[in-house]
Number of protein chains: 2
Amino acid sequence: MPSYKAPVRDTLFVINELLRLESYGNLPGFESASADIVSAVIEEGGKFAAEVVAPLNASGDAEGCKRNADGSVTTPAGFRQAFDQFREAGWGTISAPEEFGGQGMPHVLGFALKEFLSSANQSFAMYPGLTNGAIEAILAKASDDLQQIYVPKMVSGEWTGTMNLTEPQCGTDLGLIRTRAVPQMDGSYAITGTKIFISAGEHDLAENIIHLVLAKTPDSPDSSKGISLFIVPKLLVNADGKPGTRNAVSCGSIERKMGIHGNATCVMNYDGATGFMVGEENKGLAAMFIMMNAARLGVGIQGLAQAEAAYQNGVAYAAERRQGRALTGPAEPGEKADPLFVHPDVRRMLMDAKAFTEGMRALALWGGLQVELSHKAASDEERQLADDLISLLTPVIKGYGTDKGFDTAVNMQQIWGGHGYIVDNGMEQFVRDARIAMIYEGANGVQAMDLVGRKLGANMGRAVQALFALVDGECAAAKGDAQLAPIAERVEKANGELKAATMWFMQNGMSNPNNAGAGAHPYMHIMGIVALGLMWLRMATVAGEALAGGASDKAFYEAKLMTARYFAECFTPDAGALRRKIEAGSESMMALPIEAFATT
Amino acid sequence: MPSYKAPVRDTLFVINELLRLESYGNLPGFESASADIVSAVIEEGGKFAAEVVAPLNASGDAEGCKRNADGSVTTPAGFRQAFDQFREAGWGTISAPEEFGGQGMPHVLGFALKEFLSSANQSFAMYPGLTNGAIEAILAKASDDLQQIYVPKMVSGEWTGTMNLTEPQCGTDLGLIRTRAVPQMDGSYAITGTKIFISAGEHDLAENIIHLVLAKTPDSPDSSKGISLFIVPKLLVNADGKPGTRNAVSCGSIERKMGIHGNATCVMNYDGATGFMVGEENKGLAAMFIMMNAARLGVGIQGLAQAEAAYQNGVAYAAERRQGRALTGPAEPGEKADPLFVHPDVRRMLMDAKAFTEGMRALALWGGLQVELSHKAASDEERQLADDLISLLTPVIKGYGTDKGFDTAVNMQQIWGGHGYIVDNGMEQFVRDARIAMIYEGANGVQAMDLVGRKLGANMGRAVQALFALVDGECAAAKGDAQLAPIAERVEKANGELKAATMWFMQNGMSNPNNAGAGAHPYMHIMGIVALGLMWLRMATVAGEALAGGASDKAFYEAKLMTARYFAECFTPDAGALRRKIEAGSESMMALPIEAFATT
């Protein structure tokens, strides 16, 4: 059975020492996030994840969700009690707005808790996880009335939320959706259609489920410009705010999936269900994108989270399992064999995992700060910069974070050898659960196209120029320090590859957009390397300062410095190879007709 | 439900046009492999795999194997009938020696059939697959008597074989095994111990199962130098050659695994079972290595095979599923959306898969030819060259082949989007089944160490020098051809990276063996790129010649040329990045103590 412990020390390092959250105390919401409060939230949240939620991970995977004859869905044993505890402790309220019953604390904290919960049990974490995104969409676009009716109960965890986009014939291409919304006399709409892959679509954890549903009104354009967004509650809400009559929406079946068995992935049938339009008609996609952007960051964190959970168990096995001898001679001659930890190839996988998880945690929490600053920073310039950076990097956090998160889970399973393939040891579940994050909320190829096709060129490339300048500035500053210089030089080189690739797109993507499409995925990975490089350079800087200042926790900061060096040496070289793939263009990639791929 | 069709055309291209099998007609065994016979074997074998074995893949995964109360094991429905057909058609006899009832045809054919069977159903293919390796070990090391008793029935498929190495406390480090072999009055041994992860350890497909078991005789050295190899039949064989009394070996349980559910992975209990020593006492590891080398090539082919099966279904989905529009404007304006195939990122994954599977098929079959030539070539020099090359490249075919095979399966699942995560669509089974090949028969990190620690330095680096020369020679020759030159230049550059990395090991691996260990895995991948590059250069050369000669199947050869170009453009750049990782050395990788990896 795998174990899990929240990385409290590292998380507090990022929040307090790297991001210096306290320095934003003048901004709304941050004033309540003193170092003491932050510590308490992170520690207690970590404990809840590790002690209450993690023990249900393997059993939830084995048991799965069950659709009953009446269409109700039973979640795995223990989920309901754990969700009750979650609700009672108010874990869902941390960074929700105070006017709706939230605690109004910075998203950075919410993001950290998201990581802990997902590491502990991704299936479980998805129930509240999707609720957060639904809340954001409602707050951004719905009328005050709708907000008052739905948001407080969703914040408290009494009700949960879902997002309903996908239909059998369309996932990425939402212009193809067929679900219909017919206006009713009372201002509501009758929603009819079938949605698939609806995470947490039906379950027994909450008294009501608030579905956000994309549908087409009569005579709307037959494209993505003709989509509207609706709130469709499972139980219609009475005038007193309490759930009443059952709405005409039901779970038709539960999908059998590779992983995340503890989350109910439902086919949802809408048979003239009552829905309420969110925002303007035909502007549903824009509203849904608010939810999706939040969800994409959350999925990036899932990539980190599965990597972290797998990593902890990879470390444990490498420390305990004895097999073979160190290449440099027996490390523990009194034993019949040395621990796996002595073997360079095991260490390679562990250092890869350490460099990725710690770097990605920094990036994700930094991203959470940017989300906040984009709304709350004091000046227009700061708000714009934060918005530019997080818009640019959202597809990177999602795409790079989940690609590498999956790779990390696979490597940690590899450390376990044959025992990693055995179900009862739990390593293979990390791999199966991590796999979905590369697919949902926009497959990673879609993220890459969002980055290259949309984010890169927005505002004449303002965001990517800001990233270049940020990285170059920090590299230049760090190069004066002997310890940081070798790291800075390599990160700067990777940034140079990113610039060159960007330039190549500018010169070759207009004449043939396939050139941009062909290089989008490698480009997303270069940017991931650069973004993590920036984080590692900053972490190394902070660690160097702490050591120079005589910090008591010396080993922690020395490990940060060494891991930064490892990242620079072993992650950044890929940037050059990825650039060369981009510069190969789309010709050989796109030349062959479909017949050339047929088996004969 | 996924579908499978054997890649007959491509396989015949490799055998007839690339390897020119007919040109070896003067060598023993090859004379019977005329082009007609080869075609017939490949076509019929492909049909058998696709029509009889593939339909049992998903059902076998869902049903799994069942251990009954009496310790017997029932394989999934249909396996027994399919194995009966396999036996009756003589598919296991193709490249087995004629004096034991085989057809004595070249291993190249056996390897091709292995691919087809593994693509169709890896779990099923493992039953005869392990038998082949066991036969080789018995033929190489066992007495004539033992050979006469066991081999003919194993060749015919009446009996199957297993390999029993792993124990709970040891997998890679066989010096730690505890299974005991006590000599008996009659010259046999009483074998006692527990073996785990025994593929096909017990089943209902054959009337007898011949276990090859590693065990220690009394007073043998307490290390890998004290291991002997034994034949332990499930049923003891009577004087008339028929199976008789049940031996004291039994299946204690079946492991619950991530994949290959159709193959029974058993815990085997030996309770004083009668065994017969194979070869010399304490020389068991050498004997087992014969079996393992054959098995490692077979596992490399499994990597190819799962990639191929996943690829075929990735292609089918990309052709059928409509979603979005081509970046260059609607490809099929009459439809509401274009097929996925128009999207560059989908094409990237398809071309990656095509370049890998076709290149890997060429390498695997070329490897099969080297196995043969190492025994049968006319001159000492030719035999030595073939032996050097296949010894060097066996860990590469296993390690690179299965790493990339898994990646390919993951990418093909990715093309299916959310539908790829759904069990019933079968894409996720390819991923789960492909995963084991990176682990068993020596985890890929062990393969990398075998390559760098053992194969590279053997005979003063003779083998790797031969590879360098081979690649350089072919690149130099191809650079005169305008069409081939860009391919040759990139393959030559990758070969240059391999040479530089090799040199770096020579200069830095002696002083600190961890430097060799740290770079072993990236080195294995560079060599995989170079080996596939060599194959692609040759295939491009052959294709160019065929086109110049006015071949009728023009599209096939044009696709080969284009895919060779894609390989050169998009696979070879990684060699440079991998070299830079190697040259980073082991310092930052090995610096941190285990405490630095603990979660706090």
Among the residues of region A:237-296, which ones are touching a helix residue (DSSP H, G or I) at 6+ places or on another chain (Cβ under 6 Å), surrounded by fewer than 20 Cβ atoms within 10 Å (Cβ to Cβ) and on the phi > 0 side of the Ramachandran plot?
-> A:N282
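For every residue, the table says whether it meets (1) outside any strand (DSSP E or B); (2) away from chain A (no Cβ under 14 Å).
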{"position": "B:F230", "(1), (2)": "no, yes"}
{"position": "B:G262", "(1), (2)": "yes, yes"}
{"position": "B:V267", "(1), (2)": "no, no"}
{"position": "B:E281", "(1), (2)": "yes, yes"}
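For region A:142-172, enumerate the residues that are in contact with a Leu (Cβ under 7 Å, 6 or more places away or on another chain) and either of a type outside the set (A, V, I, L, M, F, W, C) or within 29 Å of A:K257 (Cβ to Cβ) (or both).
Our first condition is that a residue be in contact with a Leu (Cβ under 7 Å, 6 or more places away or on another chain); within region A:142-172, this holds for A:147, A:151, A:160-165, A:169-170.
Across region A:142-172, the qualifying residues are A:Q147, A:T160, A:G161, A:T162, A:M163, A:N164, A:L165, A:Q169, A:C170.
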Within region A:543-558, can you find the residues that are surrounded by fewer than 20 Cβ atoms within 10 Å (Cβ to Cβ) and under 27 Å from the mean Cα position of the chain (by Cα)?
-> A:F556
Give A:A355, A:A319 a once-over and let me know the one that is more than 30 Å from A:L214 (Cβ to Cβ), touching a strand residue (DSSP E or B) at 6+ places or on another chain (Cβ under 6 Å) and either in a strand (DSSP E or B) or facing chain B (nearest Cβ under 10 Å) (or both).
-> A:A319
Kindly list the number of the only condition in (1) modelled with pLDDT of 95 or more; (2) touching a helix residue (DSSP H, G or I) at 6+ places or on another chain (Cβ under 7 Å); (3) within 14 Å of chain B (Cβ to nearest Cβ); (4) not in a strand (DSSP E or B) that fails for A:T172.
-> (1)
Hits in region A:435-473 (condition: within 22 Å of the chain's Cα centre (by Cα) and within 28 Å of A:I487 (Cβ to Cβ)) | A:N444, A:Q447, A:A448, A:L451, A:V452, A:K455, A:L456, A:A463, A:V464, A:L467
Sole miss for B:R348 among (1) at the interface with chain A (Cβ under 9 Å from one of its Cβ atoms); (2) surrounded by fewer than 23 Cβ atoms within 10 Å (Cβ to Cβ); (3) among the charged types (D, E, K, R) is condition (2)
Scope region A:95-104; condition touching a residue at least 24 places away in the same chain (Cβ under 8 Å) and either surrounded by fewer than 23 Cβ atoms within 10 Å (Cβ to Cβ) or in contact with a strand residue (DSSP E or B) (Cβ under 7 Å, 6 or more places away or on another chain) (or both); matching residues | A:P97, A:F100, A:G101, A:G102, A:Q103, A:G104
Has region B:385-398 got at least one residue that is of a type outside the set (D, E, K, R), surrounded by fewer than 24 Cβ atoms within 10 Å (Cβ to Cβ) and within 14 Å of chain A (Cβ to nearest Cβ)?
-> no
Only one of these conditions is not met by A:D433: (1) at the interface with another protein chain (Cβ under 10 Å from one of its Cβ atoms); (2) crowded, with 24+ Cβ neighbours inside 10 Å; (3) not hydrophobic (A, V, I, L, M, F, W, C). Which number is it?
-> (1)
Of all residues in region B:549-600, how many are closer than 27 Å to B:K499 by Cα, aromatic (F, W, Y) and facing another protein chain (nearest Cβ under 7 Å)?
-> 1
Among (1) within 24 Å of B:R361 (Cβ to Cβ); (2) of a type outside the set (V, I, T); (3) in contact (Cβ under 8 Å) with a residue 60 or more places away in the chain; (4) surrounded by 20 or more Cβ atoms within 10 Å (Cβ to Cβ) - the single one B:A501 does not satisfy = (1)
Would you check if there is a residue in region B:296-303 being more than 9 Å from chain A (Cβ to nearest Cβ) and in a loop (DSSP other than H, G, I, E, B)?
-> no
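Determine, yes or no, whether B:M506 is in a helix (DSSP H, G or I) and over 30 Å from A:R9 (Cβ atoms). Talk me through it step by step, then tell me what you get.
On the way: in a helix (DSSP H, G or I): yes; over 30 Å from A:R9 (Cβ atoms): yes.
Taking the combined requirement at face value, the residue satisfies it.
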Residue satisfying condition, being out of contact with any Cys (no Cβ under 6 Å at 6 or more places or on another chain) and over 30 Å from A:E308 (Cα atoms), within set B:Y523, B:Y557 | B:Y557
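Condition test on A:G29, is it surrounded by 15 or more Cβ atoms within 10 Å (Cβ to Cβ), at pLDDT 95 or above and either of a type outside the set (S, T, Y) or under 23 Å from the mean Cα position of the chain (by Cα) (or both)? Even if it seems obvious, please write down each step before you answer.
Numbers: surrounded by 15 or more Cβ atoms within 10 Å (Cβ to Cβ): yes; at pLDDT 95 or above: no; either of a type outside the set (S, T, Y) or under 23 Å from the mean Cα position of the chain (by Cα) (or both): yes.
No.
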Flagged pairs (Cβ under 6 angstrom, 6 or more apart or on separate chains; first in region B:1-29, more than 14 Å from chain A (Cβ to nearest Cβ); second crowded, with 20+ Cβ neighbours inside 10 Å and part of a loop (DSSP other than H, G, I, E, B)) are B:L21/B:A33; B:Y24/B:F30; B:G29/B:P106
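Taking region B:40-49, which residues are within 14 Å of chain A (Cβ to nearest Cβ) and over 23 Å from B:T563 (Cβ atoms)? First the steps, then the outcome.
First, pick out the residues of region B:40-49 that are within 14 Å of chain A (Cβ to nearest Cβ): B:42-43, B:46-47, B:49.
B:E43, B:K47, B:A49, listed by residue number.
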From the list B:A239, B:A215, which residue is in a loop (DSSP other than H, G, I, E, B), aliphatic (A, V, I, L, M) and more than 14 Å from every other protein chain (Cβ to nearest Cβ)?
-> B:A239
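Yes or no: B:G528 within 28 Å of the chain's Cα centre (by Cα) and farther than 30 Å from A:T599 by Cα? Spell out the reasoning first.
Numbers: within 28 Å of the chain's Cα centre (by Cα): yes; farther than 30 Å from A:T599 by Cα: no.
No: the conditions fail for B:G528.
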Is one or more of the residues making up region B:187-200 among the aromatic types (F, W, Y) and more than 25 Å from the chain's Cα centre (by Cα)?
-> yes
Does A:T357 satisfy the criteria of being within 30 Å of A:G161 (Cβ to Cβ) and either surrounded by 24 or more Cβ atoms within 10 Å (Cβ to Cβ) or not acidic (D, E) (or both)?
-> yes
Yes/no for B:S374 being touching a residue at least 24 places away in the same chain (Cβ under 8 Å), over 30 Å from A:C170 (Cβ atoms), in a helix (DSSP H, G or I) and of a type in the set (S, T, N, Q) = no
Filter region B:175-200 down to residues that are in contact (Cβ under 8 Å) with a residue 12 or more places away in the chain and within 13 Å of another protein chain (Cβ to nearest Cβ) and give me whichever is farthest from B:S253 (Cα to Cα).
-> B:G175
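Answer yes or no: is there a residue in region A:330-345 that is over 35 Å from the mean Cα position of the chain (by Cα), at the interface with another protein chain (Cβ under 8 Å from one of its Cβ atoms) and part of a loop (DSSP other than H, G, I, E, B). Steps first, answer last, please.
Residues of region A:330-345 over 35 Å from the mean Cα position of the chain (by Cα): A:330-338.
This time we only want the ones that are at the interface with another protein chain (Cβ under 8 Å from one of its Cβ atoms), so: A:336-337.
Adding the requirement that they be part of a loop (DSSP other than H, G, I, E, B) leaves A:336-337.
So far as region A:330-345 goes, yes, one or more of its residues are over 35 Å from the mean Cα position of the chain (by Cα), at the interface with another protein chain (Cβ under 8 Å from one of its Cβ atoms) and part of a loop (DSSP other than H, G, I, E, B).
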Please state which of the following conditions B:I487 fails to meet, knowing it meets all the rest: (1) over 30 Å from B:S588 (Cβ atoms); (2) among the β-branched types (V, I, T); (3) in contact with an Asp or Glu (Cβ under 8 Å, 6 or more places away or on another chain).
-> (3)
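Give A:Y317, A:Y270 a once-over and let me know the one that is under 30 Å from A:K66 (Cα atoms), over 23 Å from the mean Cα position of the chain (by Cα) and not acidic (D, E). Write out each step before concluding.
Details: A:Y317 fails: under 30 Å from A:K66 (Cα atoms).
On inspection, the qualifying residue turns out to be A:Y270.
The values are calculated or read from the model by the stated rules, or taken from the named source; none is laboratory data. In this text, all values refer to a predicted model and were calculated from it rather than measured experimentally. Glycine also receives a Cβ, built like all others from the backbone with ideal geometry; neighbour counts cover every protein chain displayed.
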